[in-house]
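Down below is the structure, laid out as structure tokens.
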Amino acid sequence: MPTPTPAPDLDPTFGVGGKVIGSGNGLYDVAIQPDGKIVTVGDGVARYNVDGSPDTTFGGTGRVFIDQAAIDVAIQPDGRIVVASRSDLGGGGGGKIFRFNSDGSVDTSFGTNGFVVSVFLHSVAATLPDGKVLITEAGRLSRLNANGSFDTTFSTCEGGSGFFRVDSRTESVIQADGRIVTAFMKSGSSIGVFRCNPDGGLDTSFGSSGNGIVETPIGAGLFVAPSIARQTDGKIVVTGQGEGQLNVLRYHPNGALDSGFGIGGIATTPTSTPEFNKVVIQTNGKIVVATSILNGSKYNFGLVRFNPNGSLDTTFNGTGKVSTPITSGDDFARSAAIQPDGKFVVVGWGTNGNDRSYDLVVRYQGDSATSCPNPIDCAEFFVRQHYRDFLGRESDVPGQAHWTGEITECSDPVLRFPGESFELCVERKRANTSAAFFLSPEFQNTGSFVLRVYWGTLGKLLNAQCPGVPNGLAGNCRPRYSEYINDVNQISQEIVVNDHLDPVRINANKRAFVENFVTRAEFRAIYDGLNNTQYVDKLFETTGISPSSTDRNELINGLMNGTETRASVAYKIVDGTNTLTDGQLVFNTPYGQAFYNQELDTAFVMMEYFGYLRRNPDQEGYDFWLAKLKRYGNWVDAQMVLAFIKSPEYRLRFGP
């Protein structure tokens with residue numbers, strides 16, 4: 001039998017003994033920023049540093065108040081914060097969608113003075129890489145443009161009638177192909193799930209009813225709206241709280257119940273809470289539900305963990321459940337998020353034994369206390385984080401298994417180099433694995449491509465000032481890290497299908513990105529005043545590549561006779577590739593390949609900062625590593641990758 005692990009302790013490095021208890025009427029939702037800061041919503045929007053202290057760079061005090069109760073929050077790729085609020089949690093339901101800048105100021109470019117008035121019982125379904133926002137209004141899914149206007153190209157998707165509580169969110173997930181799945185209370189004893197196409201409208205291929213809606217009876221009175229999460233294999237997990245019973249359902253991506261989960265696709269366990277519960281998926285595939293557990297006459301914060309097959313995970317506190325008193329009164333959990341280091345952040349409200357409500361933010365150790373002292377030292381976590389940092393996505397099952405195995409095989413002395421210790425083998429394998437992500441066809445088609453578009457059209461911005469560079473030092477500031485992340489997310493959309501790269505989608509995404517890029521103000525400020533000959537010459541001047549007279553004239557003539565556009569010429573000069581099966585790059589222009597080769601080392605160094613440190617490089621460090629890489633001719637002898645993955649700045653992202 002597996003040895004039960006202790007209950008996940010509250011994290012003593014967070015707040016006071018793992019708790020932050022503040023004045024307020026309770027918290028409804030939580031999101032973790034890429035830098036580890038924690039955003040919560042309730043009476044307003046608050047942001048906490050990783051140690052639980054208020055982040056005073058956010059609104060001056062760490063909290064921004066709004067005129068309505070905030071119930072839902074999501075972080076956009078560019079760091080802006082989208083919040084759904086409701087005017088009357090006691091029975092109204094109308095409200096607003098707000099957007100805040102990363103410093104807590106209202107983003108006045110969104111809607112009217114920073115908000116959009118919504119119709120009824122709305123939530124933020126998802127934020128999209130292009131800045132658009134999916135919202136739900138009761139059983140209807142709509143999309144907002146990046147400026148907050150309703151997107152008329154998205155057909156409103158109606159999920160049918162159901163029950164929608166004023167004080168509960170409606171949650172959605174986006175599948176790998178861009179389709180959107182939303183869960184709701186179909187009736188007092190059924191959970192409903194419906195799927196919308198990427199451009200709106202019900203997807204009638206979802207489920208077996210022919211209308212895109214799946215209704216699943218759960219056999220117990222359902223009175224709390226369901227939560228939904230998507231596993232890395234595409235399966236969909238939905239939880240709903242009934243009378244005295246927590247229900248966890250798992251569906252295949254096509255809407256069919258997964259008969260290999262629980263009993264006929266449904267797992268249940270006794271719990272009782274009048275509040276919304278939240279489901280999250282751990283990196284090992286285990287399913288954790290944040291809920292409230294009645295202990296005698298008092299409600300406590302609760303965590304319930306299920307194995308991937310739907311059985312209660314008895315290695316988790318011996319029972320699969322953890323009940324934690326936070327205040328001396330009732331404590332109700334409403335939402336949760338998992339940090340990259342595996343720790344759980346849970347938010348809700350408590351009474352402290354009197355009539356007053358309190359905001360509660362709690363952090364549990366999760367599994368981190370029982371695995372590696374710093375999670376990045378664990379092979380599985382190390383690999384999974386590389387998918388996130390370099391490819392901007394969760395790992396696929398075969399890739400995760402392959403790269404994890406590359407590191408863990410060091411435990412077999414036969415597979416090490418002669419005379420190599422286990423520790424040195426792991427160090428070598430971790431560096432090799434890390435470098436492989438930069439060199440991978442997927443990264444060369446996404447992150448590397450974005451860098452070359454910026455550098456080949458706008459040039460590098462050296463010795464400049466930009467956010468994230470420590471101590472106000474000068475840095476390499478084009479593109480900015482936030483711009484890079486947003487652009488890579490756009491290009492990466494739907495490029496992985498059934499664990500393989502889709503060359504058709506990659507080619508389409510790259511070309512669409514350049515089509516958009518040439519319309520940006522920064523690009524137009526340089527090129528709009530140039531004639532076709534000057535345009536071509538300026539691009540080659542920026543890349544530093546000298547074309548043949550034949551190639552140059554061919555591009556100019558193409559612009560003159562309409563066979564080329566400014567976007568197509570820019571694409572050919574900075575890249576000029578066609579992507580084949582499994583991401584293989586084929587260069588169609590000699591100058592595009594020359595530019596790729598010229599910038600390979602600079603892109604490698606830039607990504608050491610973007611990937612590991614999530615910031616723009618300081619100029620001195622950038623120059624040092626670029627010179628060293630060129631001096632040694634390869635990253636192994638330069639020890640560049642090893643230096644970054646062992647650096648305190650990288651390691652402190654995840655733990656001690």
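The values are calculated or read from the model by the stated rules, or taken from the named source; none is laboratory data. Quantities reported herein were computed from a predicted structural model and do not represent experimental measurements. Every residue, glycine among them, receives a Cβ derived from its backbone with ideal geometry; neighbour counts consider all protein chains shown. With ligands, DNA and RNA removed, areas are computed over all heavy atoms of the protein, side chains included. Shrake-Rupley method; radii C 1.70, N 1.55, O 1.52, S 1.80 Å.
Pick from region 617-654 the residues that are in a loop (DSSP other than H, G, I, E, B), modelled with pLDDT of 95 or more and open to solvent by less than 30 Å² (accessible area, probe 1.4 Å): which of them is farthest from Val383 (Cα to Cα)?
So, considering only residues that are in a loop (DSSP other than H, G, I, E, B), modelled with pLDDT of 95 or more and open to solvent by less than 30 Å² (accessible area, probe 1.4 Å), the one farthest from Val383 (Cα to Cα) is Pro617.
I'm trying to understand the selection: among the residues of region 427-458, which are open to solvent by 30 Å² or more (accessible area, probe 1.4 Å) and in contact with a Ser or Thr (Cβ under 9 Å, 6 or more places away or on another chain)?
Residues of region 427-458 open to solvent by 30 Å² or more (accessible area, probe 1.4 Å): 427-428, 432, 439, 441.
Residue satisfying the conditions is Pro441 alone.
Go through region 551-594 and count every residue that is part of a strand (DSSP E or B) and surrounded by 14 or more Cβ atoms within 10 Å (Cβ to Cβ).
So the answer is 5.
Yes/no matrix, rows are residues, columns are (1) modelled with pLDDT of 85 or more; (2) more than 27 Å from Gln76 (Cβ to Cβ); (3) open to solvent by 40 Å² or more (accessible area, probe 1.4 Å):
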| position | (1), (2), (3) |
| --- | --- |
| Arg388 | no, no, yes |
| Ser395 | no, no, no |
| Ser411 | yes, yes, yes |
| Leu424 | yes, yes, yes |
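For region 508-520, enumerate the residues that are open to solvent by less than 50 Å² (accessible area, probe 1.4 Å), touching a residue at least 60 places away in the same chain (Cβ under 8 Å) and under 18 Å from Gln444 (Cα atoms).
Lys510, Phe513, Val514
Could you please find all residues in region 594-604 being within 18 Å of Gly447 (Cβ to Cβ) and not hydroxyl-bearing (Ser, Thr, Tyr)?
Once the filter is applied, which keeps residues that are within 18 Å of Gly447 (Cβ to Cβ) and not hydroxyl-bearing (Ser, Thr, Tyr), region 594-604 yields Phe595, Asn597, Gln598, Glu599, Leu600, Asp601, Ala603, Phe604.
State whether one or more residues within region 454-475 are of a type outside the set (Gly, Ala, Ser), touching a His at 6+ places or on another chain (Cβ under 8 Å) and outside any loop (DSSP other than H, G, I, E, B).
Looking for residues that are of a type outside the set (Gly, Ala, Ser), touching a His at 6+ places or on another chain (Cβ under 8 Å) and outside any loop (DSSP other than H, G, I, E, B), one finds none in region 454-475, hence no.
Taking only pairs six or more apart or across chains, which ones have beta-carbon atoms under 7 Å, a first residue in region 291-310 that is open to solvent by 60 Å² or more (accessible area, probe 1.4 Å), and a second residue that is not in a loop (DSSP other than H, G, I, E, B)?
That search, which allows pairs on different chains as well, returns Asn295/Ser323.
Restricting the search to region 12-23, which residues are outside any strand (DSSP E or B) and either in contact with a helix residue (DSSP H, G or I) (Cβ under 8 Å, 6 or more places away or on another chain) or open to solvent by 40 Å² or more (accessible area, probe 1.4 Å) (or both)?
Passing the criteria: Pro12, Thr13, Gly17.
Residues in region 70-88 that are modelled with pLDDT under 85 and in a strand (DSSP E or B): how many?
Quick first cut of region 70-88, residues modelled with pLDDT under 85 only: 77-78, 86-88.
The next check asks that each one be in a strand (DSSP E or B); those that pass are 86.
Matching residues across region 70-88 total 1.
Please tell me if Ser102 is at pLDDT below 85, over 24 Å from Thr291 (Cα atoms), in contact with a Gly (Cβ under 6 Å, 6 or more places away or on another chain) and open to solvent by 40 Å² or more (accessible area, probe 1.4 Å).
The answer is no for Ser102.
Taking the condition of being closer than 20 Å to Thr579 by Cβ and among the acidic types (Asp, Glu), how many residues in region 433-489 meet it?
Count: 2.
Open to solvent by 20 Å² or more (accessible area, probe 1.4 Å) and either in a loop (DSSP other than H, G, I, E, B) or acidic (Asp, Glu) (or both): which single residue out of Gly26, Gly52, Gly36, Gly60 fits that description?
Within the list Gly26, Gly52, Gly36, Gly60, the selection yields Gly60.
With region 171-238 as the region, which strands (runs of 3 or more DSSP E) entirely inside it contain at least 3 residues that are among the aliphatic types (A, V, I, L, M) and either open to solvent by 10 Å² or more (accessible area, probe 1.4 Å) or modelled with pLDDT under 90 (or both)?
Numbers: elements: 172-174, 180-187, 190-196, 213-217, 222-230.
Qualifying strands (runs of 3 or more DSSP E): 222-230.
Against the conditions (1) of a type in the set (S, T, N, Q); (2) open to solvent by less than 60 Å² (accessible area, probe 1.4 Å); (3) part of a loop (DSSP other than H, G, I, E, B), where does Thr533 fall short? Just the number, please.
With respect to (1) of a type in the set (S, T, N, Q); (2) open to solvent by less than 60 Å² (accessible area, probe 1.4 Å); (3) part of a loop (DSSP other than H, G, I, E, B), Thr533 is out only on (3).
Given the conditions (1) of a type outside the set (Lys, Arg); (2) at pLDDT 90 or above; (3) open to solvent by 50 Å² or more (accessible area, probe 1.4 Å), which single one is not true for Glu243?
(2)
Output yes when any residue across region 596-612 is open to solvent by less than 60 Å² (accessible area, probe 1.4 Å) and part of a strand (DSSP E or B), and no when none is.
The answer is no; no qualifying residue exists.
Does Gly562 meet the test of being within 24 Å of Ile495 (Cβ to Cβ), at pLDDT 95 or above and of a type outside the set (Phe, Trp, Tyr)?
no
May I ask you to list the residues in region 140-149 that are on the phi < 0 side of the Ramachandran plot and in contact with a strand residue (DSSP E or B) (Cβ under 6 Å, 6 or more places away or on another chain)?
Answer for region 140-149, where residues must be on the phi < 0 side of the Ramachandran plot and in contact with a strand residue (DSSP E or B) (Cβ under 6 Å, 6 or more places away or on another chain): Arg140, Leu141, Ser142, Arg143, Leu144.
Name the single residue that is surrounded by the most Cβ atoms within 10 Å (Cβ to Cβ) among those in region 255-290 being of a type outside the set (A, V, I, L, M) and not in a loop (DSSP other than H, G, I, E, B).
For region 255-290, the residue satisfying everything is Lys278.
List every residue pair whose Cβ atoms sit under 9 Å apart, with the two residues 6 or more apart in sequence or on different chains, where the first one lies in region 389-416 and is free of Cβ contacts under 8 Å to residues at least 60 places away in the same chain and the second, anywhere, is basic (Lys, Arg) and not in a helix (DSSP H, G or I).
If the second residue must be basic (Lys, Arg) and not in a helix (DSSP H, G or I), the pairs left are Glu409/Arg416; Cys410/Arg416.
Of all residues in region 317-336, which are under 28 Å from Ser172 (Cα atoms) and buried (at least 21 other Cβ atoms within 10 Å of the Cβ)?
Lys321, Val322, Ser323, Asp331, Phe332, Ala333, Arg334, Ser335, Ala336 - these are the residues of region 317-336 that are under 28 Å from Ser172 (Cα atoms) and buried (at least 21 other Cβ atoms within 10 Å of the Cβ).
This table checks each residue for (1) touching a Leu at 6+ places or on another chain (Cβ under 6 Å); (2) in contact (Cβ under 8 Å) with a residue 24 or more places away in the chain; (3) open to solvent by less than 10 Å² (accessible area, probe 1.4 Å); (4) not polar (S, T, N, Q).
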residue: Asn476; (1), (2), (3), (4): yes, yes, yes, no
residue: Gln493; (1), (2), (3), (4): no, yes, no, no
residue: His500; (1), (2), (3), (4): no, yes, no, yes
residue: Ile506; (1), (2), (3), (4): no, yes, yes, yes
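Among residues belonging to region 451-487 that are β-branched (Val, Ile, Thr) and within 18 Å of Tyr596 (Cα to Cα), point out the one that is nearest to the chain's Cα centre (by Cα).
In this case the residue turns out to be Val453.
Against the condition modelled with pLDDT of 95 or more, open to solvent by 70 Å² or more (accessible area, probe 1.4 Å) and under 21 Å from Tyr484 (Cβ atoms), how does Thr543 come out, does it pass?
no
If a residue must be in a strand (DSSP E or B), at pLDDT 85 or above and open to solvent by less than 20 Å² (accessible area, probe 1.4 Å), how many such residues does region 114-155 contain?
The qualifying residues number 7.
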